[in-house]
Amino acid sequence: MTKPTYYVPEGGLPPQTQLLTDRAVFTDAYAVIPKGTLSDITTSALPHWSDARFWVLARPLSGFAETFSHYIAEVAPGGGSTRPEDNPQAEAVLFVVEGEVSLTIDGAEHKLVTGGYAFLPAGCPWALTNASDAAASFHWIRKAYQSVDGVDAPEPFVTSDAVHDPIPMPGTDGAWATTRFVDPSDLRHDMHVNIVTFQPGGVIPFAETHVMEHGLYVLEGKAVYRLNQDWVEVEAGDYMWLRAFCPQACYAGGPGPFRYLLYKDVNRHMSLGKL
């Protein structure tokens, strides 16, 4: 497998001469946040983090993401947090796209370099620091864990994109494949964060319409994506949110692979509200 590359936001600010026309779209079925919107002025700070800034790509909001939040973190040398999470119900996935960080889970230290992946269950004590001499960037996806009577809670783990071979989708001869970090049959998990890879010319050959909500961050390449009734062009650094049941399909544009980090909620009954 060729060593993958991952797009990393650069921040900055567009010049005064730049046209205002852009690809940003926000509808009641989907949203597209182009990479150019991830500027210095759209970052956020978080409590108990030092020398770090965050781009918030998704958050629970009426008419937007319902089940998760998604941040891109940029941590300067020496920065980090010993109290990164203030919600004991929040589980998380971290995925490093640049540099290296030291992640401590229940007192055990792990070094995560580019491509490193960590799952952190709800209530798990963890801390993160950048002990290197260069900035580090990672994705941080959070969800309120839905516990089930008689089903154990999942355990934390650390792995890497580099040690998992993408699994081809049936009948695609490898043109469409998914890197899975959790066994889909493991009902302890109520969210999956995978990496989907399309080779140039690969397609989703039908309009997927399903109950899972999606967040997609394009790590590499470009494609034309079908979102509800629209076709939109996306490239490395763009983000897409898809509401449950929003029709979706894509054509990978090449010349290299098209890869994205994919969130979806799984393995739980549908909420019926207050009965």
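The values are calculated or read from the model by the stated rules, or taken from the named source; none is laboratory data. Bear in mind that the values here come from a model prediction, so they are computed numbers and not experimental data. Methodologically, a virtual Cβ is constructed for each residue, glycine included, from the backbone with ideal geometry; neighbour enumeration extends over all protein chains shown. The accessibility values were calculated without ligands, DNA or RNA, using every heavy atom of the protein model including side chains. Shrake-Rupley method; radii C 1.70, N 1.55, O 1.52, S 1.80 Å.
What to note about this one:
- Cα-only radius of gyration and Dmax that characterise the chain, units Å: 18.3, 60
- Of the trypsin sites (Lys or Arg not before Pro) found in the stretch 185-275, the ones in coil according to DSSP and having at most 16 other Cβ atoms within 10 Å of their Cβ are Arg188, Arg268, Lys274.
- Residues in the stretch 146-160 that a label on Val211 would reach, taking backbone N under 20 Å of a point 7 Å out along Cα→Cβ: 146-152
- A crude spin-label estimate for the pair Ala76 and Thr42, with each label 7 Å from Cα along the Cβ direction, gives 2.3 nm.
- Glu233 sits among other residues whose Cβ lies under 14 Å from its own Cβ, and their net charge, with Lys and Arg +1 and Asp and Glu -1, is 0.
- Accessible area of the chain belonging to carbon and sulfur atoms, whole % at 1.4 Å probe: 53 percent
- Taken over the stretch 114-221, the percentage of Cα pairs per 5 Å bin, counting from 0 up to the bin with the maximum distance, is 2, 8, 16, 21, 19, 15, 10, 6, 2, 0.
- With only the Cα atoms considered, the stretch 147-275 has a convex hull volume of 132 Å³ per residue.
- Cα-Cα separations in the stretch 163-222 greater than 20 Å, expressed as whole percent: 31 percent
- Whole-angstrom gap from the stretch 123-139 to the stretch 232-251, using each part's C-alpha centre: 29 Å
- Relative contact order computed over the chain (Cα-Cα under 8 Å; 6+ residues apart), in percent: 18 percent
- Here the stretch 182-216 and the stretch 140-159 have alpha carbon centers that stand 18 Å from each other.
- When the chain is treated as a Gaussian network with alpha carbon springs shorter than 10 Å, the biggest mean-square fluctuation among Ala244, Ala108, Ala73 belongs to Ala108.
- 5 Å binning of all Cα-Cα separations within the stretch 27-154, expressed as whole percents from 0 upward: 2, 10, 18, 23, 20, 13, 8, 4, 1, 0
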